[in-house]
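To keep things clear, I will list the structure first and then write my remarks on it.
What follows draws every value from the coordinates through simple rules; no lab data is involved. All of these numbers come straight from a predicted model, not from anything done at the bench. Please note: Cβ atoms are built from the backbone with ideal geometry, for glycine as well, and neighbour counts cover all protein chains shown.
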Ligand code: SF4
């Protein structure tokens, strides 16, 4: 598995695969062709179908230059390798200099055609939870110890930076009123939920408010931390922020919890996928919920087995969850889903802590099931906005 620095990244929303990845790809292509005076970018598959709502064309033009860049949406072109493909063309005096096919495979990571979808570097000795549990039990160490011995030495400082960026997004979102960008004209709801928390001091209200805050910041194209993706970036910060503000836990402890949650995200990324275009929302929100459940169980003193169980329950009960963003915006169902899943992460943690950690389906089996279920999902439910809620809303709109 790769370093957690590749999982947790600061970037602009609303989508790690549809905004952050294309931004990175455009930046790389521009650096390779500084002499070009014109660019054409073709978006394929899922990038073409939901690119508008995910601001894909906008971010590419921001990087390559609005005046000299044409972005074409070609949903009919698909690649078996991965659904998120884009091709860059560079011209000088109308002569083609170069073309490049790039895939944005989730979490802001880029690949070229037929490059292994496995993560690049291998920082970890063991890549399944079963092996990790056996190893940590044999050595008498915690899951956090395993992360610390696998990662670069500055990983705790890196995690602290990520938690600070997460909390900055929460705090901006809690006080920002107004309407989200896009045709849905959704009103921001985090400030209203936060007001309720300030009155009732119920931690559930704070979890909801903080998750809405980050998700609304993400939907506005503002800075968030992928956890593991932009669309699911509200879950983990909401849980950590609640431990911080409501239960007064220190930020250094929260950074360590983030690393424990990160281990779960890394296992899903390595052994299945965190890309909604590849496996549906189970890979995004399901993974985020499992990460937050594991982090919570760590903060509450859970054993390695209880942490694994918390993550497993959270993921198991998101299996099959589809990705069907209405009109291609990372808003409905995404924003509410972050809030509900943050609460579910806390419930999963509590459930696991009521046991000794023994249970029937282990996390590895659950991750494998996620992968297989993702393959079985119709493309309509994998970030194309062709089915589910997106279709229902389109039907309703066209009948009015
Ligand atoms: S439905 Fe889930 S996977 Fe799809 S865009 Fe929204 S948060 Fe991402």
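Peptide packing for 355-364, 342-351, 12-21 was compared via the average number of neighbouring C-beta atoms within 10 Å per residue; ordered from the highest value, the list is 12-21, 342-351, 355-364. Take every pair of alpha-carbon atoms less than 8 Å apart whose residues are at least six positions apart; their mean separation over the length of segment 129-391 yields a relative contact order of 20 percent.
Ordering 318, 244, 380 by the number of other Cβ atoms within 10 Å of each residue's own Cβ, fewest first, gives 380, 244, 318.
The angle separating the long axis of helix 285-299 from the principal Cα axis of greatest extent in the chain is about 30 degrees. Put in line by how crowded their Cβ is, counting other Cβ atoms within 10 Å and starting with the fewest, 375, 61 read 375, 61. What FRET efficiency comes out for the pair residue 142/residue 114, r = Cβ-Cβ distance, R0 = 41 Å, nearest 0.05? Given R0 = 41 Å and the Cβ-Cβ separation, E is 0.60.
Taking the chain as a Gaussian network of alpha-carbon nodes connected by springs under 10 Å, the highest mean-square fluctuation of the residues 268, 156, 326 belongs to 156.
Modelled this way, with points 7 Å down the Cα-to-C-beta line, the labels at residue 177 and residue 336 are 2.4 nm from one another.
The alpha carbon centroids of segment 345-376 and segment 1-28 are separated by 27 Å. Take the Cα of residue 355, step 7 Å toward its Cβ, do the same at residue 198, and the gap between the two points is 4.1 nm. Using the average count of surrounding beta-carbon atoms within 10 Å as a protection proxy, the listed peptides 104-115, 254-265, 175-186, 122-133 rank, highest first, as 254-265, 104-115, 122-133, 175-186.
Estimate the FRET efficiency between residue 95 and residue 251 by the formula 1/(1 + (r/R0)^6), using the beta-carbon distance for r and 45 Å for R0, to the nearest 0.05. The calculated FRET efficiency here is 0.25. The label-point distance for residue 153 and residue 393, in a model that sets each label 7 Å from Cα toward Cβ, rounds to 5.0 nm. Label zone (residue 135, point 7 Å along Cα-to-C-beta; backbone nitrogen cut-off 17 Å) within segment 273-308: 304-305, 308. Roughly what angle does helix 388-399 make with the longest principal axis of the chain, taking Cα atoms, 0 to 90 degrees, to the nearest 10? Long axis of 388-399 versus the principal axis of the chain: about 50 degrees. The fewest-to-most ranking of 337, 189 by surrounding Cβ atoms within 10 Å reads 189, 337. For the chain, set up a Gaussian network in which alpha carbons nearer than 10 Å are linked by springs, and say which option among 80, 272, 352 fluctuates the most. Between 80, 272, 352, it is 80 that shows the largest mean-square fluctuation. Can you give me the C-alpha center-to-center distance between segment 122-163 and segment 257-299, rounded to a whole angstrom? Cα centres, segment 122-163 to segment 257-299: 15 Å. Round to the nearest 10 and give me the degree value, 0 to 90, for the angle of helix 304-316's Cα axis relative to the longest principal axis of the chain. Roughly 40 degrees, rounded to the nearest 10. Its DSSP H runs of at least 4 residues, each contributing -39,500 (n - 2.57), put the calculated 222 nm mean residue ellipticity of the chain at -16000 deg cm²/dmol, to the nearest 500. Note on the chain: with a GNM built from Cα contacts shorter than 10 Å, the maximum mean-square fluctuation among 82, 33, 270 falls on 33. Of the peptides 226-238, 289-301, the order by per-residue mean of other Cβ atoms within 10 Å, starting with the highest, comes out as 226-238, 289-301. Using R0 = 22 Å, the C-beta based FRET efficiency linking residue 81 and residue 31 works out to 0.35. One chain, two ends: residue 187 and residue 161. Fully extended at 0.36 nm per residue, the span grows by 6.4 nm beyond their Cα-Cα distance.
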